[in-house]
Protein chains: 2
Amino acid sequence: MAMADMPLRSWVAGANDPACDFPIQNLPFGVFSTADRGPRCGVAIGQMIVDLAACEAQGMLDAAGTFDRPRLNDFIALGRPVWDRIREQLTALLAEGADQTVPLVAMSDATLHLPIRVTEFTDFYASKNHAFNVGVLFRGPENALPPQWTHMPIGYNGRASSVVVSGTDIHRPMGQVKGEDGPVWSPCKRLDLELELGAIVGADSQMGSRISVDQAEQMIFGYVLLNDWSARDIQAWEYQPLGPFQAKALGTTISPWIVTQAALEPFRCDGAERVNPLLPYLQESRPGFYDMTVGWTMNGQRMSQTNYNVMYYSSAQQLAHHAVSGCPMRVGDLLGSGTISGPERDQTGALLEMTEGGKSPVTVNGEDRTFIQDGDEIGLFAHAQGDGYRVGFGPCTGKILPAVE
Amino acid sequence: MAMADMPLRSWVAGANDPACDFPIQNLPFGVFSTADRGPRCGVAIGQMIVDLAACEAQGMLDAAGTFDRPRLNDFIALGRPVWDRIREQLTALLAEGADQTVPLVAMSDATLHLPIRVTEFTDFYASKNHAFNVGVLFRGPENALPPQWTHMPIGYNGRASSVVVSGTDIHRPMGQVKGEDGPVWSPCKRLDLELELGAIVGADSQMGSRISVDQAEQMIFGYVLLNDWSARDIQAWEYQPLGPFQAKALGTTISPWIVTQAALEPFRCDGAERVNPLLPYLQESRPGFYDMTVGWTMNGQRMSQTNYNVMYYSSAQQLAHHAVSGCPMRVGDLLGSGTISGPERDQTGALLEMTEGGKSPVTVNGEDRTFIQDGDEIGLFAHAQGDGYRVGFGPCTGKILPAVE
C-alpha cells in the first residue's frame, strides 16, 4: 500500500487495529461515567474514551458547556456546523503525530449510558424482504405487501420511555394472547428481536412545515443499532386496526455509541431498486443508504448477516415522510429503520422470518430455537468496511429475564 | 334549598354563577402569562385566575417552587398528597368568608398556554358506538368491531410534539391519498375532529412493572378536553398494517385547564355495560367513569352532545393496559380516551360517523358540511352538573387554515 493510500492513523492504543470498531475515522459520541465522576459526554477511540467534558474544561474544545451533561441532546441541538467543527478538531487532536494531551478514560473503567434523552420514538418498516415475509405470516401471501408499501415509508409511533441502552436486561412480558375461546393471560411465548438501525434527529422542525429529503438528511446527527424487541403472540392479537402497542413496549435496546453521519459518508450507496417512482416529496437527489454489514447473534453465535443497502427507504426519506402532514420533529427523536432483512434465511433480522413463524427451528449452540427463551442474549453488530479500517457500532446486547407473573 | 344543601360558595366574582365552568368546586390547573410577566401556574375560578406563583412567593402555598414554571409537570410530580393539600388550602382561601388576599389575575388579561410538557401521547378507541361506526366505514359491518375490542382497550402511540393548546390554528395537511391509479399528492379532503377527554398521568411507573387499575387511578392527575384532528383520506391509505400515522400528526388540541380527578369525584359512575368479563388485570374495584356532558360545536353551532359514561374503558383501565408489558409510564403522559360517541347521530364525536363517511351532509348555520372546510372552527365542551354548580372544562377550540401546497 502506497503512503498516499494509507488510512489516517491515531496515537491512541488499539485505534489502528483493522478489526477495531472505533478508529480515528469513526469518532462516535456517547455518554459514560466512571467510579469518580457521573455521566458526561465522550467519544470512543480504540479501547479508550475521550472525556469531552474534561476537554472542554481544559479549553481544547468548545461546545458551550454541553459536554458536561448526562445526555447528548444539548450538544446535538447546537447544530451541524458545531458537529463538523468538533469532529475536525478531534481528528487533529487524535491523529498520529499530535501532542498526546487529550484526556482519555479506558473503556474498561467506564459505564456506558443511554446517549440521548429519547424525545419520541418512531419505528418504520422499510425492508421489502421483511415486510413481505412478515406479511405472509400475519396475513397470507396475497395480502403480504400492503398496497401503499412501495409508495411511502410505513411507520408507527413507538414508546420512547422503554428505550434502554445495550446491556439492560429485559423481562419477558405478560399480556393477552389469543386462546381458543377468547384471550388468555400468559407470558409471551413468541418473543422476538428486530435488527434495526436508529437514526437520531439533530434539529427541530416547525409545526405546519414540511421537510424535503435533502433537508431531512441535513437534520440527521447519526445512527445507533436498535433492537425492537417484539412479542409476536401479543402483537397478533392486539395489532388490528391501530397497529402494534404493548407487543413493542417491553423494551427497545440501542447501542451506546452514536456513529455520526459524517463517519458513514464514505460508504454512501444506493438501496433496493425502486418498483415504482416515488411522489416528489420522497425523492432524493443522491443515494441515501450506506454499504454496511449488519447482523445479529444469539448467545454468541452468529445467526444472520446482511447489508443495510437492502433497505427500500432511507432515514432521510422516513424523516421527510414523518413531517409531511406538518408534524414537528425535535432533537432527540429516534427513527427505527425497520427490520433489516436480506432475501435469504441467514440474512433475516427477526426470528419470526428465520423460523417461518416458529415452524422451522434454528440451531443455536446445539439447541433448537424458534423464539427467544429466558436467559438468551441477543447481540446486534454493524460496520462499514474501509480500506484498512472499519467504522463500527460496537456491541448492542440484551438478555431476556423470566416474566414476572 | 336548606342551608345544609347549599353548595360551597366563593368570594371571587363570577364563581357562584351556576353556568360558570369554574366554581370553587372545580379549581382546575393551568399555565398563563400576562403582559408584565411570563408563563407560570394558575388555577381558574369564576372569571379570574389564582396566580399560584405569587401565592407561593407570598407564603400562602408551598409547592417547592414548582408554581413559578412554564409547565405543570414539576408540580404534578410532587405527588397526590401535595395535590390534595393544595386543593384543600385553595378551597379554604377562596371560600366565602375568607380574607380576600389571594392574588388574582383577570382571565381577560391573561394568555393561556399548554399546561404540561406532553411527555408521550397515547390515543385509545374506547367508545363502542364509535368503534363500530368507524369500523363499518373502514372495513364493512362484518369486520366492524375487532375481535379483541371487548377484551382490551385498543390504543396506539400518537405524536406528543403536535399537541397544542386551545386557540392554536391548524393547517390542513398535505399528504398521500389513494387515487385510481396509485397514490395522489393532495390536500386532505376528509378532515375531521375527534371529541375526546385526555387523562394526564401524574406519577412514574418502573420499567418491567405492571400497574393495577386501582393503582392507575391513583396515578391520574386530571383531565383535559382533547380534539384529535384526523385526516380520514390520508388515514384510509396509510393505516394498514401499523395503524394511523400522519393522519393524526397534523395536530391534537387540548384545553388549557386540567380538571382534577378530585373535582370530578362526586360524579363518578358506571360506564357502558360489559359484553364479557375482563381479564383480572383490567378489572376495577369501583366505577371508573364520570357522569359528564360532552359535546362539540362547529362555527358556534352545537353539533353533538352525549355523556362520557357511554365509554367502555376508563382512563385507569387504559393506563393499566398501557403498562401491562412492562412499559414505564411517566409524569406528563397524555392518554386520549378515544372518540366519545353515543348511539344517535347527534351524539357522535366525529364527522366521519355523523355524515356516514361523507354520504349524509349535516347543516351548519345554513351551509352543508360533510367534513371540515378551511376557516371552520371546532369547539369541544364538557361539564359535570352538580346541585347549583357545574364542574366544566372551559373552551377547547381550533380553526383550520388552508393547506400549504
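A few points about this structure:
- Legend: mean number of C-beta atoms from other chains within 10 angstrom of residue C-beta atoms, peptide A:155-164, equals 6.
- Semi-axis lengths, Å, chain B, gyration tensor of Cα atoms, sqrt of 5 times eigenvalues: 35, 24, 21
- Calculated [θ] (222 nm, deg cm²/dmol) that DSSP helices of n ≥ 4 give over the protein assembly as shown, each run adding -39,500 (n - 2.57): -4500 deg cm²/dmol
- In terms of surrounding Cβ atoms within a 10 Å radius of their Cβ, B:Phe371, A:Phe267, B:Phe393 rank from fewest to most as A:Phe267, B:Phe371, B:Phe393.
- Net charge of neighbours whose Cβ lies under 9 Å from the Cβ of B:Leu226, counting Lys and Arg as +1 and Asp and Glu as -1: -4
- Of the peptides A:133-140, B:82-89, the order by per-residue mean of other Cβ atoms within 10 Å, starting with the highest, comes out as A:133-140, B:82-89.
- The Cα atoms of the protein assembly as shown cover 99, 62, 53 Å along the three principal axes, with the biggest extent listed first.
- q = 0.16, 0.19 Å⁻¹, segment A:38-95: log10 I(q)/I(0) [Debye, one scatterer per Cα]: -0.45, -0.64
- Kirkwood-based shape ratio for segment B:11-113, expressed as Rg/Rh from alpha carbons: 0.93
- Gyration tensor analysis over the Cα atoms of segment B:260-405 returns equivalent ellipsoid semi-axes of 30, 19, 17 Å (largest first, whole Å).
- Pairs of Cα atoms farther than 24 Å apart, segment A:72-213, %: 60
- Equivalent-ellipsoid semi-axes of segment B:340-405, from the Cα gyration tensor, Å, largest first: 26, 18, 10
- Taking the C-alpha atoms only, the angle from helix B:128-139 to the longest principal axis of chain B is near 30 degrees.
- Cα centroid separation, segment A:253-316 to segment A:1-51 (Å): 23
- Positive minus negative residues near A:Met48 (Lys, Arg vs Asp, Glu; Cβ under 14 Å): -4
- When each of the peptides A:333-342, B:35-44 is scored by how many other beta carbons lie within 10 Å of its residues on average, the order from highest to lowest is A:333-342, B:35-44.
- Computed on the Cα trace of segment A:133-247, the radius of gyration divided by the Kirkwood hydrodynamic radius gives Rg/Rh = 1.02.
- Neighbour-count order for B:His151, B:His322, B:His113, fewest beta carbons within 10 angstrom listed first: B:His113, B:His151, B:His322
- Per-residue mean of foreign Cβ neighbours for A:170-180 is 4 (Cβ atoms of other chains, 10 Å radius).
Computed from the coordinates by the stated procedures, all read-outs in this text should not be read as laboratory data. Remember, it's a predicted structure, so these values are computed and weren't measured experimentally. Please note: Cβ atoms are built from the backbone with ideal geometry, for glycine as well, and neighbour counts cover all protein chains shown.
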